[in-house]
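To start, the structure itself, in structure tokens.
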Amino acid sequence: MNFKKINASIYFPGKESLEGVTDMCIAAHQDDIEIMAYGPISECYNNDERSFCGVVMTDGAGSPRAGEYSNYTNEQMKEVRIQEQNDAAKIGGYAAIMQLGYASSEIKDGSNKDTVEDIYNILCEVKPERLYTHNLADKHETHVAVVLRVIEAVRRMPENIRPKEVIALEVWRNLDWLPDKDKVCVDTSKYPELARDLITVYRSQVVGGKSYDTAAIGRRCANATFFESHNTDEASSQSFGLDLMPLVKSEEAPTQFIVSYIEKFKAEVENTIARLS
């Protein structure tokens, strides 16, 4: 597969083939996949009928660092983060992990169509049935830029090979504010040891000043417990997502699409307070 950046790479933990990939996550940074897409990762794990592939857009240069990594240069951090992501792919049994090597500034530049072209080419070649990416209400600008590029790429695809599902997931802003009927609930209860291993493999982050292992797993547990106030928990851990297929199939502006859900949330709060006042 040809990529736009000379520093892009593809790593196959097992056989060198993309045939049979059913689930794909396109994310901004190394470790975003393991934080937001653990549900599909766990469903594909040791599953003969499903196979997972990850795509990371950035090169890892801007990572926060502390402790033993505090004096690492950007070039050193790139090497560390790339290796950590490859290690995660091996632990998680991915079919492949693609790291496209863009700087965050390149992804956030809407006029840079190389990013869209890379995503488009990957999707057309792999043809995953289910596609996962960031959500439009995320507070990390690079994450929002990635989902915008993904939407543009999927809209360009011939309809007969588009993914059947496109789901936006949680990283830097969760989706518990969505009205319950709009939430896509993703069960993340399977293989709890695997869930932790896939985040702690990012030693440069967890040891280097960001407790992503505690935070990501804790949020999934909180999602499961606080989802229903009057029923027992159906899952011990879950993530929330938002269905992007209505947006992909239309010409609606992404801003209008996500603001409509924010307006639903506003109306829900207003109506509850009005009924109880």
Restricting to the stretch 33-66, name every residue that is farther than 24 Å from PRO192 by Cβ and free of Cβ contacts under 8 Å to residues at least 40 places away in the same chain. GLY60
Answer yes or no: is there a residue in the stretch 3-20 that is under 26 Å from CYS185 (Cβ atoms), among the β-branched types (Val, Ile, Thr) and modelled with pLDDT of 95 or more. no
Examine the stretch 227-241 for a residue that is in contact with a Cys (Cβ under 7 Å, 6 or more places away or on another chain), at pLDDT 95 or above, closer than 19 Å to ALA195 by Cα and not hydroxyl-bearing (Ser, Thr, Tyr), and state whether such a residue exists. yes
First in the stretch 18-32 and within 9 Å of SER51 (Cα to Cα), second anywhere and in a strand (DSSP E or B) and charged (D, E, K, R), Cβ under 6 Å, 6 or more apart: ASP23/ARG130
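More than 27 Å from ALA103 (Cβ to Cβ) and hydrophobic (A, V, I, L, M, F, W, C): is that true of CYS44 in this structure?
Values: more than 27 Å from ALA103 (Cβ to Cβ): yes; hydrophobic (A, V, I, L, M, F, W, C): yes.
It is true that CYS44 is more than 27 Å from ALA103 (Cβ to Cβ) and hydrophobic (A, V, I, L, M, F, W, C).
Look at ILE217 and say whether it is of a type in the set (A, V, I, L, M, F, W, C) and over 24 Å from VAL259 (Cα atoms).
Numbers: of a type in the set (A, V, I, L, M, F, W, C): yes; over 24 Å from VAL259 (Cα atoms): yes.
Judged against the criteria, ILE217 is a match.
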Being in a helix (DSSP H, G or I) and among the polar types (S, T, N, Q) is the filter; apply it to the stretch 99-139 and report the residue that is nearest to ILE35 (Cα to Cα). SER104
Here the residues within the stretch 123-135 that are surrounded by 21 or more Cβ atoms within 10 Å (Cβ to Cβ) and under 16 Å from the mean Cα position of the chain (by Cα) are LEU123, PRO128, LEU131, TYR132, THR133, HIS134, ASN135
Inside the stretch 205-216, the number of residues satisfying the requirement of being among the aliphatic types (A, V, I, L, M), without any contact (Cβ under 8 Å) to a residue 24 or more places away in the chain and more than 19 Å from GLN83 (Cα to Cα) is 1
crowded, with 24+ Cβ neighbours inside 10 Å and either at pLDDT 95 or above or within 19 Å of THR22 (Cα to Cα) (or both): does that describe THR142? no
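Pick from PRO192, PRO246: which is without any contact (Cβ under 8 Å) to a residue 60 or more places away in the chain and under 19 Å from ILE41 (Cβ atoms)?
Details: PRO246 fails: under 19 Å from ILE41 (Cβ atoms).
It is PRO192.
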Picking from ALA145, ALA168, which residue would you name as being under 27 Å from LYS210 (Cβ atoms), in contact with a strand residue (DSSP E or B) (Cβ under 8 Å, 6 or more places away or on another chain) and not in a loop (DSSP other than H, G, I, E, B)? ALA168
Of the conditions (1) surrounded by 19 or more Cβ atoms within 10 Å (Cβ to Cβ); (2) polar (S, T, N, Q); (3) farther than 24 Å from ILE26 by Cβ, SER211 fails just one. Which one is it? (1)
Testing ARG220 on (1) charged (D, E, K, R); (2) at pLDDT below 95; (3) buried (at least 20 other Cβ atoms within 10 Å of the Cβ), one condition comes back false. Which one is that? (2)
Residue list for the stretch 145-203, filter: of a type in the set (Lys, Arg) and either surrounded by fewer than 23 Cβ atoms within 10 Å (Cβ to Cβ) or touching a His at 6+ places or on another chain (Cβ under 8 Å) (or both): ARG155, ARG156, ARG162, LYS164, ARG173, LYS181, LYS183, LYS190, ARG196, ARG203
Answer residue from the stretch 106-126, given it is of a type in the set (D, E, K, R) and either touching a Cys at 6+ places or on another chain (Cβ under 8 Å) or free of Cβ contacts under 8 Å to residues at least 40 places away in the same chain (or both) and is nearest to TRP172 (Cα to Cα) among those: LYS108
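The values are calculated or read from the model by the stated rules, or taken from the named source; none is laboratory data. Quick caveat: nothing in here was measured; it's all calculated off a predicted structure. Note that we place each Cβ from the backbone using ideal geometry, even for glycine, and neighbour counts take in every protein chain shown.
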